[in-house]
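Undergrad: Structure incoming, see below.
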Amino acid sequence: MILLSLGDIYAINSTKYYTKKFTSSKKMKYFRDVLLLVAYLANFATAGNPAHPHLHAEVRIVGYHGPTNKHILKLFRGAEILEMIDCNVTTSPALLFSELPKLRILHLENNTYQDVDYETVMHGAHKLEEFYFININQKRIYTGTLGVLPRLRICVIRGFKNPVKSLEANVLNETVLEELEFSSSGLEEIHDSAFNGLDKLKILNLSNNKLKGLSKTALTPLKSLKILNLEGNEIETFSADGLPDLPNLEEINLSNNPLSKLNLDDIGKVAPKLKTIKETSIADAEVKKLRKKTKLAIIDKNE
């Protein structure tokens, strides 16, 4: 693994990889023509020889501030796993990640993006299987952003610093997603067509948002869904007749919602495999009745 941070300073430009460490007096003069300023841990270099970043399968970039471009990413063209943490990315061109043909896992955490349209940036990352987008300062997920990733199986979007109030139509279209998390992001509403094409999705985590419910239409495409996590939202009523047919659903988590009504009449018709419902708000007496009536494992975390 190659680790890039702001410790031991090295410089990279579009044509050369510099392993020489510059003194502070030389940095300011030299870096006028440098496209990227990073640090490289010396222990990844062979004794007396410069290391070649394009040979590393795992790359971590920490604390970088500035633009990213194709020349930079070409230096890491062998990367299968790329992490960028605590970075401030000012601009990113279209087809940026097409320069990483082997990329399978992309982890972006605690970053700020000032002018990035991921619908165009992500084009070309055809082998990407896992995408982690955590504690990001960006106001909007663009329609179709992740639909350009045909092999994407796991997508974790958690903790937008600027609330993302709406999940738009077809934002995840044409993926093979099996696990989707969109949590702790201030989400208030989900478009009826937001989950179109996600017929392979098994886990949907929408916890710790501001949702008051989900429409039956939005959930209709999710025929493979096994776990629905709605913990920590603003749901006051939940009813079986508000669900579409979900033939593989096994668990619903409604914990830490201000639930006043939980209607499970005919739940077996729409979710015949449902085994567990988690909640924390319904009165104990009502929970006992529901357990007896439905024979479900209704788990109250407060018990």
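Undergrad: Considering only segment 151-181, state which residues are touching a Gly at 6+ places or on another chain (Cβ under 8 Å) and within 19 Å of residue 123 (Cα to Cα).
TA: Result: 170, 171, 172, 173, 174, 175.
Undergrad: Taking segment 244-264 as the region of interest, how many residues are out of contact with any strand residue (DSSP E or B) (no Cβ under 8 Å at 6 or more places or on another chain) and either on the phi > 0 side of the Ramachandran plot or of a type in the set (D, E, K, R) (or both)?
TA: 2
Undergrad: Need at least 3 residues that are at pLDDT 90 or above and farther than 26 Å from residue 223 by Cβ per element, so show me which strands (runs of 3 or more DSSP E) inside segment 97-208 make the cut, counting only ones lying wholly within it. Lay out the reasoning, then the answer.
TA: Details: elements: 105-109, 130-134, 154-158, 179-183, 203-205.
Because the criterion is at least 3 residues that are at pLDDT 90 or above and farther than 26 Å from residue 223 by Cβ, the strands (runs of 3 or more DSSP E) in segment 97-208 that meet it are 105-109.
Undergrad: What pairs come up if the first residue lies in segment 212-228 and is touching a residue at least 24 places away in the same chain (Cβ under 8 Å), the second is buried (at least 17 other Cβ atoms within 10 Å of the Cβ) and assigned to a helix (DSSP H, G or I), and their beta carbons are under 9 Å apart, counting only those six or more places apart or on different chains?
TA: From residues that are touching a residue at least 24 places away in the same chain (Cβ under 8 Å), the pairs are 225/219; 228/219.
Undergrad: Being of a type in the set (Lys, Arg), modelled with pLDDT under 80 and surrounded by fewer than 22 Cβ atoms within 10 Å (Cβ to Cβ), is that true of even one residue in segment 72-82? Lay out the reasoning, then the answer.
TA: If we filter segment 72-82 for residues that are of a type in the set (Lys, Arg), which is where we start, we get 74, 77.
Subset that is modelled with pLDDT under 80: 74.
This time we only want the ones that are surrounded by fewer than 22 Cβ atoms within 10 Å (Cβ to Cβ), so: 74.
Checking segment 72-82: at least one residue is of a type in the set (Lys, Arg), modelled with pLDDT under 80 and surrounded by fewer than 22 Cβ atoms within 10 Å (Cβ to Cβ).
The values are calculated or read from the model by the stated rules, or taken from the named source; none is laboratory data. The shown structure was predicted, so the numbers you read here are calculated from the model rather than taken from an experiment. Using ideal geometry, Cβ is built from the backbone for each residue, glycine included, and neighbour counts are taken over all protein chains shown.
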